[in-house]
Amino acid sequence: MKRFLCFAMVACSMVSCGVPKERKVTVANVDITGLIKNYVKVVDGDYMFTNDGDEAFITVKFELTNPLVGSEIGTKGYRGLRINPMGSSGEIFDTGTYGFEASDTETAKLVDLINTGTTGDTKSVSFKWDYFSQGEDLRLSIFEKSVTFEVVDETFCYPEQSSSESSASISNVSDSSNDWDSVLDDYEKYIDEYIKLCKKMADGDMSAMSSYTEMVDMANSWGEKLSRAEGSLSASQMSRYLKLNEKFTNALANMN
């Protein structure tokens, strides 16, 4: 499992003084992908991207359009609500999986809005890009060319998929769980994302650095969990597990 570390990269922490501190965008009919598009919309109007040189921020107001009836909505147990700034031609300034991201506390505001709110209720949610100091071209594009943004939801789910009840969550899967197929599905998704990240880094895409550290931490968690689980896997599951590891190591070797 130690082979998850793909390669080391050094990023300059200096922020060019040429990057503006603010960028106002006026949005309408913001595109939302993911489950929450069925329940909320971004309120049309003016929003401000700001930065302090080390981190960048934006606060977005969401309006409830379709209250949830019956079962409550939840999250998968990891952060996955983020926004991507966009330019006038529809180009996406993607800061990566951990770019302009809502914290667990901020995400919980939307959970509460959808589960308990009434149509027309609103919540303001803050998004932060922790690694703003990396990738000058991307920073300049965002603060000089952005005219709108998109919302990407990769965390909201229904209760049967949530981290509190799903064995697909790394932290909550017990060693005696029989649902290892679901775990291996999530493991494969993680590997695919990690390979994509490493390819970006190999191509010199500094925005990928924003995801690197957390992805490495997740790799260690996966390694510990799956190492303990090997005795609980069926023969077919073990075969798939070994093939996934082989896929991962071969992909990284081919990038060197």
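The values are calculated or read from the model by the stated rules, or taken from the named source; none is laboratory data. Note that the coordinates shown come from a computational prediction; the quantities given were computed from them, not determined experimentally. Note that we place each Cβ from the backbone using ideal geometry, even for glycine, and neighbour counts take in every protein chain shown. Only protein heavy atoms, including side chains, enter the accessible area calculation; ligands, DNA and RNA are left aside. Shrake-Rupley method; radii C 1.70, N 1.55, O 1.52, S 1.80 Å.
Looking at Thr97, Thr118, Thr105 in this structure, which one is assigned to a loop (DSSP other than H, G, I, E, B), among the polar types (S, T, N, Q) and closer than 21 Å to Met218 by Cα?
Within the list Thr97, Thr118, Thr105, the selection yields Thr97.
Return the total of residues in region 107-127 being crowded, with 18+ Cβ neighbours inside 10 Å and over 12 Å from Leu68 (Cβ atoms).
So the answer is 4.
Considering only residues that are farther than 21 Å from Leu110 by Cβ and either at pLDDT 95 or above or open to solvent by 90 Å² or more (accessible area, probe 1.4 Å) (or both), which ones fall in region 1-35? Spell out how you get there, then give the answer.
Residues of region 1-35 farther than 21 Å from Leu110 by Cβ: 1-24, 26.
Passing the criteria: Lys2, Arg3, Leu5, Ala8, Val10, Met14, Cys17, Lys21, Glu22, Arg23, Lys24, Thr26.
Just the residues that are outside any helix (DSSP H, G or I) and closer than 20 Å to Thr59 by Cβ, please, taken from region 135-153. Break it down into steps so the answer makes sense when it comes.
Going residue by residue through region 135-153, those that are outside any helix (DSSP H, G or I) are 135, 146-153.
Result: Ser146, Val147, Thr148, Phe149, Glu150, Val151, Val152, Asp153.
Looking only at region 131-156, filter to residues that are acidic (Asp, Glu) and closer than 17 Å to Val40 by Cβ; which one of those is most open to solvent (accessible area, probe 1.4 Å)?
First, pick out the residues of region 131-156 that are acidic (Asp, Glu): 136-137, 144, 150, 153-154.
Adding the requirement that they be closer than 17 Å to Val40 by Cβ leaves 150, 153-154.
Working: Glu150: 25, Asp153: 13, Glu154: 83 Å².
My answer is Glu154.
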